[in-house]
Number of protein chains: 2
Amino acid sequence: MKISKRSQYGLRGLFRLAQAEGHTPMREVAKKEGISEDYLEKIFTRLEKKDFITSKRGPSGGYALAMKPEEINLRLILEVLENNFSLVECVDEGCSRLDDCPVASVWKRLDDEVKEKLELITLKTILENNKD
Amino acid sequence: MKISKRSQYGLRGLFRLAQAEGHTPMREVAKKEGISEDYLEKIFTRLEKKDFITSKRGPSGGYALAMKPEEINLRLILEVLENNFSLVECVDEGCSRLDDCPVASVWKRLDDEVKEKLELITLKTILENNKD
DNA sequence: ATAAAAACCGAGTCATCTACTCGGTATTAT
DNA sequence: ATAATACCGAGTAGATGACTCGGTTTTTAT
């Protein structure tokens, strides 16, 4: 029942990109956030493949958001970075005993509620919280 | 970001105990729910140590709820059965960069909201949902 | 009193996942 | 041409989850 460091790092990385203008080198983000460069690179690669960010090679290159901060919410981020998104498998994989399982509906409802909450948190709202 | 099978089995086991009167042998619960006996035993032992259930040895023994169904909510169950309860460590362990971490408050709020939701789901509400 | 039914206990295993690391290649601004 | 950057595949160490196994203790029913 833990959100992985991968997702946590990913969110922090995206936040840094959201704060900056133009492209920011990954190394710079890693340094600011105290995250291993090699690892953050994997994370950014993944986010890039899903078109959350764009990349530019060579000097003065780096990464930049490909979407508006208000369009990137936590649910989307976790869908990319968590390998198994959703609280229990039976929600999306379909268990054989679903019909007579007394608690399946509990998990399903909970899963929905959590995902709703996640959608309310966007990079924009986080930026605004940190505007002081 | 998964709820473990341990917790899922635990909830289903507790549900069966809640339905029955007196003591129910663990084997019977395991059979009904299609859960490994050896494994369910570990789970019940854990729940018993935390006084959610009581045990009785010998023939016509078994396990029974030690609390009222409305007093046992999902948050309490997960606190016993998940080894790491809470969505991110920084919430309870305290990270060294907490002060300048832009997203700590996000996780904290989310964690609180999820836990609130979990408290609303009790064995009683699950029993009522399955009353047809 | 004995046999059977149950809970109790500690240890061990196997697979999967996370959180990395490492060594190298490709691209591009200066 | 050089240096800065992204890109890529493989590998690894540790933790955890989901069990299994072999036994011990307690208690009820006969």
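The values are calculated or read from the model by the stated rules, or taken from the named source; none is laboratory data. This one's a predicted model, so the numbers in the text were calculated from it and none came from an experiment. Cβ sites come from the backbone with ideal geometry, for glycine too, and all protein chains shown count toward neighbours. Please note that ligands, DNA and RNA were not included when accessible areas were found on the heavy atoms of the full protein model with its side chains. Shrake-Rupley method; radii C 1.70, N 1.55, O 1.52, S 1.80 Å.
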**Message:** Against the definition (open to solvent by 80 Å² or more (accessible area, probe 1.4 Å), more than 13 Å from DNA strand C (Cβ to nearest atom) and away from chain A (no Cβ under 14 Å)), how does residue B:68 come out, yes or no?
**Reply:** yes
**Message:** I'd like the full set of residues that are more than 7 Å from every other protein chain (Cβ to nearest Cβ), over 17 Å from the mean Cα position of the chain (by Cα), open to solvent by less than 80 Å² (accessible area, probe 1.4 Å) and in contact (Cβ under 8 Å) with a residue 12 or more places away in the chain, limited to the stretch A:78-110.
**Reply:** A:90, A:91, A:104, A:107
**Request:** Could you identify the single residue in A:6, A:27 that is open to solvent by 30 Å² or more (accessible area, probe 1.4 Å), part of a helix (DSSP H, G or I) and within 30 Å of residue B:82 (Cα to Cα)?
**Result:** A:6
**Fill in**
Those residues of the stretch B:26-65 which are away from DNA strand C (no atom under 12 Å from the Cβ) and farther than 26 Å from residue B:119 by Cα amount to B:32, B:34
**Message:** Kindly evaluate residue A:75 against the criterion of being touching a helix residue (DSSP H, G or I) at 6+ places or on another chain (Cβ under 7 Å), within 14 Å of another protein chain (Cβ to nearest Cβ) and modelled with pLDDT of 95 or more.
**Reply:** yes
**Asked** Filtering the stretch B:48-65 down to residues that are in contact (Cβ under 8 Å) with a residue 40 or more places away in the chain and hydrophobic (A, V, I, L, M, F, W, C), which residue is least open to solvent (accessible area, probe 1.4 Å)?
**Response** B:64
**Request:** Could you tell me whether any residue of the stretch A:30-45 is within 16 Å of residue A:126 (Cβ to Cβ) and within 14 Å of chain B (Cβ to nearest Cβ)?
**Result:** yes
**Criterion violated by residue A:43 - all others in (1) within 15 Å of DNA strand D (Cβ to nearest atom); (2) at pLDDT below 95 satisfied** = (2)
